[in-house]
Amino acid sequence: MRINADFTKRAAVHFEDTPWVPSPAPGVERKMLDRIGEEVARATTIVRFAPGSAFDPHVHDGGEEFLVLDGVFQDEHGDFPAGSYVRNPPTTGHTPAAAEGAVILVKLHQFDPADRTEVKTRTDDGAAQQQLFQDSVETVTLQTWAPGQAVSLDAHGGLEVFVVEGSYSESGEEFSRWDWLRLPSGTRFDAVTGPDGARVWMKSGHLAQMTAK
């Protein structure tokens with residue numbers, strides 16, 4: 001399976017226009033943003049857990065990174081309410097579940113094989129910019145932009161922008177809650193926020209290795 005698999009091109013997915021696809025686990029559905037592979041895949045996905053649903057125990061050979069968007073995600077390591085950001089590096093495992101339901105943004109098989117850095121943190125609603133993770137390859141932040149703000153960023157190593165709240169317009173295209181945009185290396189992000197501003201999860205620098213292949 002290949003979805004938005006050409007990393008030299010701009011890619012955009014709008015939440016409301018994208019269908020939910022059942023996963024192998026009963027009660028768990030997905031909206032696929034990008035993907036290379038079948039059930040074991042390099043993937044960026046919005047995952048919805050119905051109340052009481054769960055996955056079987058598994059190990060993430062390529063690592064797992066997720067942001068909880070709604071509800072409470074759970075595993076044997078704890079409860080992660082909306083706003084939680086977690087990185088489970090390669091060789092770690094868990095049993096995902098959601099007793100009361102949850103929605104998460106998750107990225108799989110996108111870690112350096114040698115990465116062993118675990119992150120479990122809460123995002124800060126009041127911060128203009130919060131750094132969630134940084135290494136020599138990538139930077140992950142949560143940013144809050146004011147209403148009507150012009151935002152111009154260098155996407156030198158590629159850029160992903162996921163709208164948590166609010167909206168912005170880029171290249172004449174409107175992005176609102178839970179919409180996703182990916183820009184390739186060597187481009188720029190030029191946007192203007194909507195009347196309520198925007199709160200976005202952003203990852204940068206990490207796509208240079210994809211376009212170099």
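Quick query: amide H of Leu33 versus all other amide H atoms, modeled in the peptide plane; which residues come in under 5 Å with a sequence gap of 5 or more or a different chain?
For Leu33, whose amide H was placed from the backbone, the distant partners under 5 Å are Thr44, Thr45, Ile46.
Ranked highest first by average number of other Cβ atoms within 10 Å, how do 133-141, 63-71 line up?
Ranked by mean Cβ neighbours within 10 Å, highest first: 63-71, 133-141.
What would the Debye equation give as log₁₀ I(q)/I(0) for the range 44-200 at q = 0.10, 0.13, 0.17 Å⁻¹, counting only Cα atoms as equal point scatterers?
Listed by q, the Debye log ratios stand at -0.38, -0.65, -1.06.
Under 10 Å from the Cβ of Ser176, count the other residues' Cβ atoms, weight Lys and Arg +1, Asp and Glu -1, and hand me the total. Write out the running numbers ahead of the final one.
Working: positive: Arg177; negative: Glu16, Glu165, Glu174, Asp179, Asp196.
Summing Lys and Arg as +1 and Asp and Glu as -1 gives -4.
Which order do the peptides 2-14, 179-191 take when ranked by the mean count of other beta-carbon atoms within 10 Å per residue, highest first? Write out the running numbers ahead of the final one.
Values: 2-14: 15.2, 179-191: 18.8.
The peptides rank, most packed first, as 179-191, 2-14.
Using only helices, what value at 222 nm comes out for the chain when you add -39,500 (n - 2.57) per DSSP H run of length 4 or more and divide by the total residues, to the nearest 500 deg cm²/dmol?
Mean residue ellipticity, 222 nm, calculated: -500 deg cm²/dmol.
Write down the accessible area per residue of the chain in Å², having rolled a 1.4 Å probe over the full set of protein chains.
Details: 9610 Å² over 213 residues.
Spelled out: the 1.4 Å probe surface of the chain, per residue, equals 45 Å².
Calculate what fraction, in whole %, of the accessible area of the range 81-213 sits on carbon and sulfur atoms when a 1.4 Å probe is rolled over the protein chains. Walk me through the intermediate numbers first.
Numbers: 2770 of 5690 Å².
Roughly 49 percent of what the probe reaches on the range 81-213 is carbon or sulfur.
The values are calculated or read from the model by the stated rules, or taken from the named source; none is laboratory data. Remember, predicted model here, so these are calculated numbers, not experimental data. No Cβ is skipped: glycine too gets one built from the backbone with ideal geometry, and neighbour counts run over all protein chains shown. SASA here: full protein model, heavy atoms, side chains in, ligands and nucleic acids out. Shrake-Rupley method; radii C 1.70, N 1.55, O 1.52, S 1.80 Å.
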